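**Q** Next up is a structure, given as structure tokens.
The values are calculated or read from the model by the stated rules, or taken from the named source; none is laboratory data. Every value quoted in this text rests on a predicted model; they were computed, and no experiment measured them. Note: ideal-geometry Cβ built from the backbone for every residue, glycine included; neighbour counts use all protein chains shown.
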Amino acid sequence: MTPQTTLEDRRASARDALERCQALVEPALKEAVGTLHPWPRRMAGYALGWCEADGSPAATAGGKGIRPALAVLGAEAAGAPEEAAVAAAVAVELVHTFTLVHDDIMDGDERRRHRDSAWKAFGTGPAVLAGDALFALAAETLARGGGARSGAAVGLLAAALRELVHGQADDLLFEDRPWTGPEAVTLPEYLAMAAGKTGSLLGCALALGPVLAGAHPPVVLALTEAGRLLGTAFQAVDDVLGTWGDPRATGKPVHGDLFRKKKTLPVLAALSASTPDSRELAALLSSPAPLTEATAHRAATLMERTGARTATLTQARTLIAAACDHLTSAPLAPGAADELMGLSEYLLARYV
């Protein structure tokens with residue numbers, strides 16, 4: 001992307017990349033899911049956005065396919081063959097969907113992508129089973145389709161999942177920490193958690209195809225670090241949407257993270273401002289009473305007045321710029337590297 005590239009150019013390039021990668025990956029993804037037992041297969045199809053709970057075709061579109069697209073583009077950037085790109089992308093999307101199913105259970109989120117989350121539609125036990133099936137299928141996909149380097153690829157995926165679990169554990173433990181004082185969650189702690197919970201899988205997505213193709217370690221490292229930074233930026237943007245996002249775009253209630261009193265980057269940024277607004281916000285969040293629509297709206301207003309939304313998006317831009325620096329510093333195929341940077345910028349271009 002040149003400095004003269006417009007915002008709409010970046011959006012169009014990212015949409016083209018997403019559509020191309022989806023057309024390449026979705027047939028193999030559906031073939032893999034088709035090998036599951038019929039019951040978890042239907043739940044997996046629901047979680048992936050292919051069908052409704054009764055098995056009929058989905059009325060709404062599924063996810064945006066960012067992670068499998070990153071896997072394909074990362075593979076292409078390192079000169080990996082198409083079969084390696086597809087195997088990596090299928091495994092990553094299966095794992096991502098598994099984490100969403102289980103994450104909704106842990107967070108008690110009843111809505112995802114404009115409809116009931118998987119546990120709400122099928123029950124907690126069945127949704128756990130479907131998530132387990134997706135995880136097992138991801139490992140099998142790499143083991144069977146990775147060729148001579150499948151062991152290294154499965155190891156990379158397992159390491160990313162271990163880091164993801166570490167980040168998720170920290171995120172859950174943050175819920176019991178106070179909002180203010182010496183035991184409060186700090187911004188560096190939160191960013192480290194986000195790098196594990198979200199960044200680890202995106203780093204794995206960019207690196208899996210190159211690992212399968214036997215790419216040089218510096219290339220794998222550059223792609224991994226770019227993905228980790230991109231994932232952390234993705235979490236920052238997601239946090240903004242969790243407070244101020246339009247339900248028509250997010251598929252979740254407005255102020256959803258505030259109603260759950262979730263410690264997110266904008267909340268922590270607002271509390272660190274040490275202003276009357278941040279002190280009022282701390283009092284609202286520290287109260288044992290649940291937030292109402294009025295108090296959640298007030299909390300969002302206080303956060304806005306501290307500059308928390310702007311600060312969070314600025315942090316996301318900084319992380320994306322650092323990710324692009326890693327991409328430009330590595331010997332990658334020029335066309336694929338440009339697509340990767342365009343898709344990275346698209347994460348912000350959708351919202352700002």
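**Q** Return the residues of the range 276-334 that are among the hydrophobic types (A, V, I, L, M, F, W, C), closer than 24 Å to Leu206 by Cα and not in a helix (DSSP H, G or I); say none if nothing qualifies.
**A** Ala330, Leu332, Ala333
**Q** Within the range 66-87, can you find the residues that are assigned to a loop (DSSP other than H, G, I, E, B) and surrounded by 22 or more Cβ atoms within 10 Å (Cβ to Cβ)?
**A** Ala78, Ala80
**Q** Would you mind stating whether Pro266 is surrounded by fewer than 16 Cβ atoms within 10 Å (Cβ to Cβ) and under 25 Å from Gln168 (Cβ atoms)?
**A** The answer is no for Pro266.
**Q** Output the residues belonging to the range 97-111 that are in contact with a Leu (Cβ under 8 Å, 6 or more places away or on another chain) and surrounded by fewer than 22 Cβ atoms within 10 Å (Cβ to Cβ).
**A** Scanning the range 97-111 gives Thr99, Met106.
**Q** Moving on. Taking the condition touching a residue at least 12 places away in the same chain (Cβ under 8 Å), assigned to a helix (DSSP H, G or I) and closer than 30 Å to Ala78 by Cβ, does Leu208 pass?
**A** yes
**Q** Same structure again: So, in the range 42-65, exactly how many residues are surrounded by 21 or more Cβ atoms within 10 Å (Cβ to Cβ), aliphatic (A, V, I, L, M) and under 25 Å from Arg248 (Cβ atoms)?
**A** 2
**Q** Do we find a residue being aliphatic (A, V, I, L, M) and modelled with pLDDT under 95 anywhere in the range 121-135?
**A** no
**Q** If you go through the range 280-313, how many residues are surrounded by 14 or more Cβ atoms within 10 Å (Cβ to Cβ) and among the hydroxyl-bearing types (Ser, Thr, Tyr)?
**A** Result for the range 280-313: 4.
**Q** May I pose another question? If Leu137 satisfies all but one of (1) closer than 25 Å to Met106 by Cβ; (2) free of Cβ contacts under 8 Å to residues at least 24 places away in the same chain, what's the number of the condition it fails?
**A** Result: Leu137 fails condition (2) only.
**Q** Which ones in the range 167-205 are in a loop (DSSP other than H, G, I, E, B) and over 24 Å from Ala322 (Cα atoms)?
**A** Glu175, Asp176, Arg177, Pro178, Trp179, Thr180, Gly181, Pro182, Glu183, Ala184, Val185 - these are the residues of the range 167-205 that are in a loop (DSSP other than H, G, I, E, B) and over 24 Å from Ala322 (Cα atoms).
**Q** Among the residues of the range 106-124, which ones are on the phi < 0 side of the Ramachandran plot and touching a residue at least 24 places away in the same chain (Cβ under 8 Å)?
**A** Once the filter is applied, which keeps residues that are on the phi < 0 side of the Ramachandran plot and touching a residue at least 24 places away in the same chain (Cβ under 8 Å), the range 106-124 yields Met106, Asp107, Asp109, Arg111, Arg112, Arg115, Asp116, Ala118, Ala121, Phe122.
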